[in-house]
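Right, one structure below, let's go through it.
The values are calculated or read from the model by the stated rules, or taken from the named source; none is laboratory data. Model, not experiment: these values are computed from the prediction. Here the Cβ positions follow ideal geometry from the backbone for every residue, glycine too, while neighbour counts run over all protein chains shown. Accessible surface areas use protein heavy atoms only, side chains included; no ligands, DNA or RNA. Shrake-Rupley method; radii C 1.70, N 1.55, O 1.52, S 1.80 Å.
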Amino acid sequence: KQREQTLKNLLREVAHRSKNMLAMVLSLSAQTARVAPTKNEYIRRFTGRLQSLAKSQDVITDSDWRGSNLSDLVLRQVRDVVPLADGQIVFEGDNLELGPNGTLHVGLALHELVTNALVHGALTRANGRIVIDCKVTPDDGAILTWTETPRVHSAISRPKSFGRTMLERIVPAAVNGHGTLSLTDDAVTYTLAIGKSEII
């Protein structure tokens, strides 16, 4: 009877997580379709975001559903995407242990940032460099900072994208924090405050 009850509890948990994941996928699909200029661009953007979720889910599964440490997440979402840029991408600071929700959403933020760096940003240049830094705060939360140099100035002015909305509104709300994307003459800087509820 005890084993039977444990199995029922596990199945309920799997069903709950599956529903949450499907809700995220539906939301990503709808929001991506809303701003994608063409069908091919929609497919490219949505597929990338879906693959990002899958990578984060792999990290969570590997840890027996506890979550992930930040260095593993950076490896899957950033370094594996840019295998030839060894030395261009640096992770430093505190190696957080994130819960499952934090893993999925921070993973999405990293995906948006590295995709932009590859398509429009610093990783289009041989001297491009990204520093990902994390510091635990006195209130047991954390500040994650992405600094990308040099800032590549596009001749084309692009409208505000769903990617930016995700970085500044959706991901911060999901991790009980706040996020800011700053574009200066020299760098692209993204700062994400992560609430202590998302840290193991």
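About the centre of its Cα atoms, the range 49-118 shows a dipole size close to 240 debye [charges on the beta carbon of Lys, Arg (+1) and Asp, Glu (-1) only; nearest 20 debye]. Annotation: amide H-H contacts under 5 Å for Ala187 (H modelled 1.01 Å from N, sequence separation of 5 or more, or interchain): Arg151. If only the Cβ of Lys and Arg carry +1 and only the Cβ of Asp and Glu carry -1, the dipole of the range 106-185 around its Cα centre is close to 340 debye.
What's the long-distance tail for the chain, i.e. % of Cα pairs beyond 28 Å? Distances greater than 28 Å cover 27 percent of the Cα pairs. Checking every one of the trypsin sites (Lys or Arg not before Pro) in the range 113-200 against DSSP loop status and a limit of 13 other Cβ atoms within 10 Å picks out Arg125, Lys160.
The residues of the chain present an accessible area of 57 Å² per residue when probed at 1.4 Å with all protein chains retained. The gain in end-to-end length when the Thr61 to Asn101 segment is fully stretched comes to 13.1 nm, 0.36 nm per residue minus the alpha carbon separation. Between Pro138, Pro150, Pro172, the Gaussian network model of the chain with springs among Cα atoms under 10 angstrom shows the greatest mean-square fluctuation at Pro138. Computed about its Cα centre, the charge dipole of the range 1-149 is approximately 800 debye, with only Lys, Arg, Asp and Glu carrying charge at their Cβ.
When you restrict to C-alpha pairs under 8 Å that are six or more residues apart and normalise by the size of the range 97-193, the relative contact order lands at 28 percent.
Counting only protein heavy atoms, what percent of the accessible surface of the chain is carbon or sulfur at a 1.4 Å probe?
Here it works out to 54 percent.
Summarising the label geometry, the points placed 7 Å from Cα in the beta-carbon direction at Lys1 and His153 lie 7.5 nm from one another. Relative contact order for the chain: 17 percent, from Cα pairs under 8 Å spaced at least 6 residues apart, divided by residue count. Working from the Cα coordinates of the range 74-188, the gyration tensor eigenvalues give, after taking √(5λ), semi-axes of 23, 17, 13 Å in decreasing order.
Once you reduce the range 32-66 and the range 73-146 to the center of their Cα atoms, the two points are 16 Å from each other.
Between Val35 and Ser182, the C-beta separation translates, for a Förster distance of 25 Å, into a calculated FRET efficiency of about 0.70. Extension gain for Leu11-Ala173 works out to 55.5 nm (0.36 nm per residue, less the C-alpha to C-alpha distance).
Only lysine pairs 8 or more places apart or on separate chains count here, and in the chain those with Cα atoms under 26 Å apart total 8.
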